[in-house]
Amino acid sequence: MKITTTLLFLLCACIMTFAADKTSTANNNSSTASGKPSVIEGGNGITLPLPPPTEAKPVTETIHGVAITDPYHWLEDSKSPETRAWIAAQMKYTQQYLDQLKIRPEIVRRLTELVRVETYSIPVEAEGRYFFTKRLPEENQASIYMRKGLKGPDERLVDATKLSADQNTNVSIADVSKDGSLLLYGVREGGADEESVHLLDVNSGKDGGEILPRARYLGISLTPDKLGIYYAKFQGGNTEAYFHRMGSPAADDRVIFGGSFNGETFGPMQLITVSVSENGRYLIIDVNHGVPPKRVDIYVKDLRTPDSPIRPIVHGLDYRFLPINYNDDLYVLTDYQAENYRIIRIKLSDPAPEQWQTIVPEGKDAIEQFSIVGGKLFATGLHDVLTETRILDLDGKQVGSLSYPAMGAATAVYGREKSNEGFYSFQSFNVPPTIYHYNVASGKTELFARPKVPFNSDEYEVKQVFYTSKDGTRVPMFISSKKGVKRDGNTPTLMFAYGGFLVNITPRWDPEFAWWMEQGGFYAQPNLRGGGEYGEAWHKAGMFEKKQNVFDDFFAAAQYLIDNKYTSPPHFAIQGRSNGGLLMGAAMTQHPEMFGAIWCGYPLLDMLRFQDFLIGRWWTSEYGSAENPEQFQYLLKYSPYHNVRPGAKYPAIMFNSGDLDTRVDPLHARKMTALMQADTGSGRPILLHYQTKAGHSAGVSITQWVNDAADEVGFLWNETSGK
């Protein structure tokens, strides 16, 4: 099995402009003449002074004939002394709130119990050796281990706990040679997307140190002879594929693909990934046009023939193609002529589209992912967002299926294409991730690793409901709680959602959700349009000018919970991050009256300028861009930063970001915090939770995670529980 990087991340009203005459102390809201409160009141007796004053320095630009004034444009510069001083003042102000949060020590204690357990990742098998990450209960980071034989002892190969004093450096398995003698692993700081690549000789235990410097890599594969590495790297606004020869400096690495090919030029929107097929025969190059890609081209190079050319196999079709090589064929998951996806077989000797053979046809349920293990094809789909996995032979005949222990979600089955061993993980809102070993020959499933989380799953229930959105669309939602919780409209309820980029929001374990349910609260998770739960049609219904459908689905979910007495607005907390942070921005600006507290993490909020920062341009294939006159109109209509209404009574809000977010620029959270603090008329807390050592991706130490999570869930509970 090859470890690859998912590119799904690659992988929310009235139209108004800002008045150019805002005062230089825009958020000094102590004036009684303005009707604004002179003190900030949080839940359960927490009081704060007015937020630190933020100077407005209006900058006006005209976009397609519309004057747009940004009072906090200056906060886009993260390195200026003024911005750093502002961040420090905001962090101090937020700490004033957290210091008064009486329930926080109890949350820290309980989250620590829930998360400090032994955890494993899904293993990579290589000739009887099993490679995985494992974290011991007392450790802050998972290390890389190897086990000789399925029941053998665990041998630590890379100790992540010794890589940094603050324990915020994490490791991941990038690739393992087929014979298990070489390990490539990534080293990443905090939540940044960038990593450096290191090499370990497994037999000798000798660590070769860093061989590829810190960068954003989009595919890393050892060559069959173990003398080189193929990789793709995004830098300088473009992606290129390289070959690295072991022992040579990375600066000498040769570009093998990128820039242009066969007269086609690759720019910032073409993301290139590379992988060596498991059988060592082929180098497979994918070119993803946008994030999520609206088009995927596939190129192949035969590694058995020196100086063989790179050949286009799939090219020029505005559809997605996700390939797996087996022998001399490609098995490909695609939405080409199948909005719910199908699996086709392409013979590399004759790849013309008219020769493609359908192996697994499109059905009423979307195919989410697939794998080939032990000569069998495992097709994992979603039936009303619940995982179903069919087992088929390589001609598409079903020979079995996997069953799961509860209502929840499973990963694909991972393993070698000609090995009888596969592994998969299952989890739900009340079931921590459990890893299973599957024997392809016998069909037997057995437990590989189950974390000993002190949580009684039997005391909790998970159910699924369906509600009707604004335009009549039927939308599913999961609701979880302790068994027997009363629906009287006064129960604190937490709702999380995403709605975009083909991301399927399936049932998952999260200690924060578990803690919330332990307190007697409901946890809700709707499956909004924009995701891939019902195939490409579901995704398209939440893209571009149809993005408002996503928000309407979310508001309809909230209304369902209110109408059915799960909760009421004062007791209603919501959270989302990244694209889900945009959703939170839309919720607070379009329907602030529906919610009591909002956590808005790593958000996109200025939808007129997002494409100009970090990797934001990739996402124009999902949102569009204000550079386009027609797209500008709908972006302006819902852009949260441009739809804040002075004097509106906004709920309590905590924005969350950090310096190491190299995906969504923290400028969004900074500017929106300043604007909300200036314009809210509710007197509720508007806080910025900002970390100098945290970013978009996972990877911070367990200690920091617990503290950050306690801040987040403590804020939401305090502002909605009434106690």
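The values are calculated or read from the model by the stated rules, or taken from the named source; none is laboratory data. Everything numeric in this text was worked out from a predicted model, so none of it was measured. Every residue, glycine among them, receives a Cβ derived from its backbone with ideal geometry; neighbour counts consider all protein chains shown. We work out accessible area using only protein heavy atoms, side chains counted, and drop any ligands, DNA or RNA first. Shrake-Rupley method; radii C 1.70, N 1.55, O 1.52, S 1.80 Å.
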ASP665 being closer than 16 Å to TRP599 by Cβ and touching a Phe, Trp or Tyr at 6+ places or on another chain (Cβ under 7 Å): no
Pairs, first within 12 Å of ALA678 (Cβ to Cβ) in the range 644-657, second crowded, with 16+ Cβ neighbours inside 10 Å and hydrophobic (A, V, I, L, M, F, W, C), C-beta under 7 Å, six or more apart: VAL644/LEU675; VAL644/MET676; TYR650/MET588; TYR650/MET676
Checklist (1) under 22 Å from ILE272 (Cα atoms); (2) assigned to a loop (DSSP other than H, G, I, E, B) applied to ASN340, failing item: (1)
Failed condition for GLU127, given (1) open to solvent by less than 50 Å² (accessible area, probe 1.4 Å); (2) on the phi > 0 side of the Ramachandran plot: (1)
Per-region count, the range 613-631, residues assigned to a helix (DSSP H, G or I), closer than 20 Å to PHE501 by Cα and not β-branched (Val, Ile, Thr): 8
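Quick one: count up the residues across the range 299-320 that are part of a loop (DSSP other than H, G, I, E, B) and open to solvent by less than 50 Å² (accessible area, probe 1.4 Å).
5
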The range 679-704, residues that are closer than 16 Å to MET584 by Cβ and within 19 Å of the chain's Cα centre (by Cα): HIS696
Unmet criterion (only one of (1) crowded, with 18+ Cβ neighbours inside 10 Å; (2) closer than 27 Å to GLU417 by Cα) for GLY258: (2)
Test set (1) modelled with pLDDT of 95 or more; (2) open to solvent by 30 Å² or more (accessible area, probe 1.4 Å); (3) under 22 Å from ASP193 (Cβ atoms) - LEU667 fails condition number: (2)
Residue in the range 664-677 that is small (Gly, Ala, Ser) and outside any helix (DSSP H, G or I) present: no
Listing of strands (runs of 3 or more DSSP E) fully contained in the range 122-225 that carry 1 or more residues being at pLDDT 95 or above, in contact with a helix residue (DSSP H, G or I) (Cβ under 6 Å, 6 or more places away or on another chain) and hydrophobic (A, V, I, L, M, F, W, C): 169-176, 206-222
Selected residue (criterion: farthest from HIS696 (Cα to Cα)) from residues of the range 160-176 that are open to solvent by 40 Å² or more (accessible area, probe 1.4 Å) and over 23 Å from the mean Cα position of the chain (by Cα): LYS162
Qualifying residue in the range 407-420 (condition: of a type outside the set (S, T, N, Q), in a strand (DSSP E or B) and more than 25 Å from the chain's Cα centre (by Cα)): no
Long-range neighbours under 6 Å by Cβ, at least six apart or interchain, first residue within 16 Å of THR387 (Cβ to Cβ) within the range 427-445, second open to solvent by less than 20 Å² (accessible area, probe 1.4 Å) and among the polar types (S, T, N, Q): PHE429/SER480; PRO433/SER425; ILE435/SER425
Sole exception among (1) within 20 Å of the chain's Cα centre (by Cα); (2) closer than 24 Å to ARG617 by Cβ; (3) at pLDDT 95 or above for ALA709, by number: (2)
Selection from the range 609-637 of residues that are farther than 25 Å from ASN288 by Cβ and open to solvent by less than 10 Å² (accessible area, probe 1.4 Å): PHE632, LEU636
Which listed residue, of LYS470, LYS452, is charged (D, E, K, R) and in contact with a helix residue (DSSP H, G or I) (Cβ under 6 Å, 6 or more places away or on another chain): LYS470
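Would you check if there is a residue in the range 376-398 being over 24 Å from ASP335 (Cβ atoms) and touching a strand residue (DSSP E or B) at 6+ places or on another chain (Cβ under 9 Å)?
First, pick out the residues of the range 376-398 that are over 24 Å from ASP335 (Cβ atoms): none.
No, because not a single residue in the range 376-398 is over 24 Å from ASP335 (Cβ atoms) and touching a strand residue (DSSP E or B) at 6+ places or on another chain (Cβ under 9 Å).
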Selection status of VAL296, closer than 30 Å to ASP612 by Cβ and part of a strand (DSSP E or B): yes
Any hit, the range 439-453, residues being touching a Leu at 6+ places or on another chain (Cβ under 7 Å), in a strand (DSSP E or B) and of a type outside the set (Gly, Ala, Ser): no
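Just to check your reading of the model, which residue among VAL332, VAL399 is aliphatic (A, V, I, L, M), at pLDDT 95 or above and surrounded by 15 or more Cβ atoms within 10 Å (Cβ to Cβ)?
Working: VAL399 fails: surrounded by 15 or more Cβ atoms within 10 Å (Cβ to Cβ).
Answer to the check: VAL332.
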ILE87 being over 17 Å from LEU667 (Cα atoms) and at pLDDT 95 or above: no
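Residues are listed down the side, and each one gets a yes or a no for (1) open to solvent by 10 Å² or more (accessible area, probe 1.4 Å); (2) at pLDDT below 95; (3) more than 26 Å from the chain's Cα centre (by Cα):
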residue	(1), (2), (3)
GLY363	yes, no, yes
PHE370	yes, no, no
LYS376	yes, no, yes
LEU392	no, no, yes
Test for MET676: is it buried (at least 20 other Cβ atoms within 10 Å of the Cβ), within 23 Å of the chain's Cα centre (by Cα), under 28 Å from VAL59 (Cα atoms) and not polar (S, T, N, Q): no
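Would you confirm whether any residue within the range 599-608 is under 16 Å from LYS671 (Cβ atoms) and among the charged types (D, E, K, R)?
yes
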Lone qualifier among ARG135, ARG147 - being of a type outside the set (A, V, I, L, M), in contact with an Asp or Glu (Cβ under 8 Å, 6 or more places away or on another chain) and crowded, with 21+ Cβ neighbours inside 10 Å: ARG135
Flag if PRO685 is closer than 25 Å to LYS547 by Cβ and buried (at least 24 other Cβ atoms within 10 Å of the Cβ): no
Subset of the range 638-653 (residues that are surrounded by fewer than 24 Cβ atoms within 10 Å (Cβ to Cβ) and hydrophobic (A, V, I, L, M, F, W, C)): VAL644, ALA648
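Per-residue answers, yes or no, for (1) of a type outside the set (Phe, Trp, Tyr); (2) open to solvent by 20 Å² or more (accessible area, probe 1.4 Å):
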| residue | (1), (2) |
| --- | --- |
| MET407 | yes, yes |
| GLY415 | yes, no |
| GLN427 | yes, yes |
| VAL431 | yes, yes |
| THR434 | yes, no |
| THR445 | yes, yes |
| PHE448 | no, yes |
| SER457 | yes, yes |
